[in-house]
Amino acid sequence: MSEVNRTLPQPTQLTEPYWNAANDERLVVQCCRACAHRQFFPRPFCLKCESDQIDWQEVSGRGTVYTFTINYRAPNAAMKERLPYAVALIDLEEGMRMMANIVNSDFADIAIGSAVKVVFEKISDHITLPQFELTS
Ligand SMILES: [Zn+2]
């Protein structure tokens, strides 16, 4: 079955650098030019000093599982073929928290605190999703 009906992220002017980097298999977050604060998800200004001078910076892609769940019921027909799948909040080494799927991993091995690293799942010609897999 094709995934043509899957809801895909729609890059905006604000988020386009994130999605372009993901297409190149790089994980990036915003970094404030004025105070070096890093943040995720993308915003038009720095949460720490309110500067609008924001750059993008590649991060390690390493992190730990803050929490997770295994989905056995799909929110829509397009996601049904992926069942079951793991959804997690990942704490990156650099301090930001992001939501992603944990892929390529035995669900029984996923635990709060598990070490993970980013992997990239190309889901369309224009969208690649940063996902995570267990590292141990
Ligand atoms: Zn700042």
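For the chain, set up a GNM with springs between Cα atoms under 10 Å and report which of Phe120, Phe40, Phe68 has the largest fluctuation.
Highest fluctuation of the listed residues: Phe40.
Give me the extension gain from Asp24 to Ala36: residue separation times 0.36 nm, minus the current Cα-Cα distance, reported in nm with one decimal.
Values: separation 12, 0.36 × 12 = 4.32 nm, distance 2.38 nm.
Extra length available between Asp24 and Ala36 comes to 1.9 nm.
Separation between the Tyr66 and Leu89 pseudo-spin-labels, each 7 Å from Cα along Cα→Cβ, expressed in nm?
0.5
Sorted from largest to smallest, which semi-axis lengths in Å does the alpha carbon gyration tensor of the stretch 31-82 give for its equivalent ellipsoid, taking the root of 5 times each eigenvalue?
With the √(5λ) rule applied to the stretch 31-82, the semi-axes are 34, 14, 10 Å.
Which stretch or stretches of the stretch 57-95 have amide N atoms under 13 Å from the point lying 7 Å from Ile127's Cα along the Cα→Cβ direction?
Backbone N within reach: 78-79.
Could you tell me what fraction of 2.2 N^0.38 Å the Cα radius of gyration of the stretch 12-58 comes to, as a two-decimal ratio?
On the way: Rg = 10.2 Å, N = 47, 2.2 N^0.38 = 9.5 Å.
The value comes to 1.07.
Answer rounded, prolate or oblate for the stretch 60-136, using the Cα gyration tensor with square roots of eigenvalues a ≥ b ≥ c: rounded when a/c is under 1.5, else prolate when a/b is larger than b/c, else oblate.
Values: a/c = 1.95, a/b = 1.30, b/c = 1.50.
Because a/c hits 1.5 or more and a/b fails to exceed b/c, the stretch 60-136 counts as oblate.
In units of 2.2 N^0.38 Å, what is the alpha-carbon radius of gyration of the chain?
On the way: Rg = 15.7 Å, N = 136, 2.2 N^0.38 = 14.2 Å.
Expressed relative to 2.2 N^0.38 Å, the Cα Rg reads 1.10.
Taking neighbour counts of Cβ atoms within 10 Å as a proxy for exposure, in what order, fewest first, do His126, His37 appear?
Numbers: His126 12, His37 16.
Least to most surrounded, the residues fall as His126, His37.
Taken together, the values in this text are just the output of simple stated rules run on the coordinates, not laboratory data. Note that the coordinates shown come from a computational prediction; the quantities given were computed from them, not determined experimentally. Cβ sites come from the backbone with ideal geometry, for glycine too, and all protein chains shown count toward neighbours.
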